[in-house]
Amino acid sequence: MRRTSRRKAGTIVAAAVLGLTAGCGGGGGAAAAPTPHASKTITVSSTAFAEGATIPRRSTCDGENVSPSLDFGGVPGEAAELVVLVEDPDAPHGTFVHWVVWGIDPHETALGTGELPNGAEQGRNSFGKRGYGGPCPPKGESHRYVFSVFAADAKPTLPKDASADDVKRALIGHTAAYGTLVGRYGR
């Protein structure tokens, strides 16, 4: 009986450790499709953080877990809609997806903090949920978070729980412009 109890205790401890490391440090849902690129560039910025700077705690798992504001410029006239992906390329088990959004009106020039425009859809992130999941790297590590904005020249047909890979595949050959903003967060 003691062996069984020890085995159960070991299993419980292993499950707890796995659960605690699942955020940006764990596996599950890693993006694998290549990122579409385009010859035209969209400028992406935020009033919350500058290129290469620290993402505010408010927009992380340690804060309110709300998406930061994003501003875009240079969206080409032929854009049918905008798509936003937020990914952590530093996660130990492959790229970890934090946000998948499509259906954004190409005339939008900004997303406010925690806001989603009318008509936009949110896909499944690597936390297994639809919507924004903020940076949450393992303690002691600082990760990069890439906020990518794509101008699609056609509206992709995607399922409600589309993944970043689904979106990237739909954008291949349909990306009129592309831009990124990179922030950092460590715990």
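The values are calculated or read from the model by the stated rules, or taken from the named source; none is laboratory data. Every value quoted in this text rests on a predicted model; they were computed, and no experiment measured them. For neighbour counting, all protein chains shown are included, and Cβ atoms are generated from backbone atoms with ideal geometry for every residue, glycine included. Heavy atoms of the whole protein, side chains included, go into the accessibility calculation; ligands, DNA and RNA do not. Shrake-Rupley method; radii C 1.70, N 1.55, O 1.52, S 1.80 Å.
Points to keep in mind about this one:
- Residues of the range 131-164 that turn out to be farther than 26 Å from residue 49 by Cβ and open to solvent by 30 Å² or more (accessible area, probe 1.4 Å), as a count: 8
- For the range 72-108, taking the residues that are open to solvent by less than 20 Å² (accessible area, probe 1.4 Å) and without any contact (Cβ under 8 Å) to a residue 24 or more places away in the chain, the one that is farthest from the chain's Cα centre (by Cα) is identified as 104.
- Failed item in (1) over 21 Å from residue 176 (Cβ atoms); (2) of a type in the set (A, V, I, L, M); (3) open to solvent by less than 60 Å² (accessible area, probe 1.4 Å), with residue 111 passing the rest: (1)
- Just one of the listed residues (177, 162, 154) is in a strand (DSSP E or B), at pLDDT 95 or above and either more than 11 Å from residue 83 (Cβ to Cβ) or in contact with a Lys or Arg (Cβ under 9 Å, 6 or more places away or on another chain) (or both), and it is 177.
- A residue that is touching a Cys at 6+ places or on another chain (Cβ under 9 Å), at pLDDT 95 or above and closer than 20 Å to residue 70 by Cβ occurs somewhere in the range 136-144.
- Residues located in the range 165-174, provided they are in contact with a strand residue (DSSP E or B) (Cβ under 7 Å, 6 or more places away or on another chain) and either surrounded by 21 or more Cβ atoms within 10 Å (Cβ to Cβ) or closer than 16 Å to residue 86 by Cα (or both): 167, 171
- Residue pairs meeting the criteria (Cβ under 6 Å; at least 6 apart or on separate chains; first closer than 16 Å to residue 135 by Cβ, in the range 37-51; second not aliphatic (A, V, I, L, M)): 46/68; 46/69; 48/56; 48/68; 48/69; 49/183
- The residues in the range 117-130 that are in contact with a strand residue (DSSP E or B) (Cβ under 7 Å, 6 or more places away or on another chain), touching a residue at least 40 places away in the same chain (Cβ under 8 Å) and within 22 Å of residue 48 (Cβ to Cβ) can be counted, and the count is 2.
- Subset of the range 58-71 that is touching a Gly at 6+ places or on another chain (Cβ under 7 Å) and open to solvent by less than 20 Å² (accessible area, probe 1.4 Å) - its residue that is farthest from residue 98 (Cα to Cα): 69
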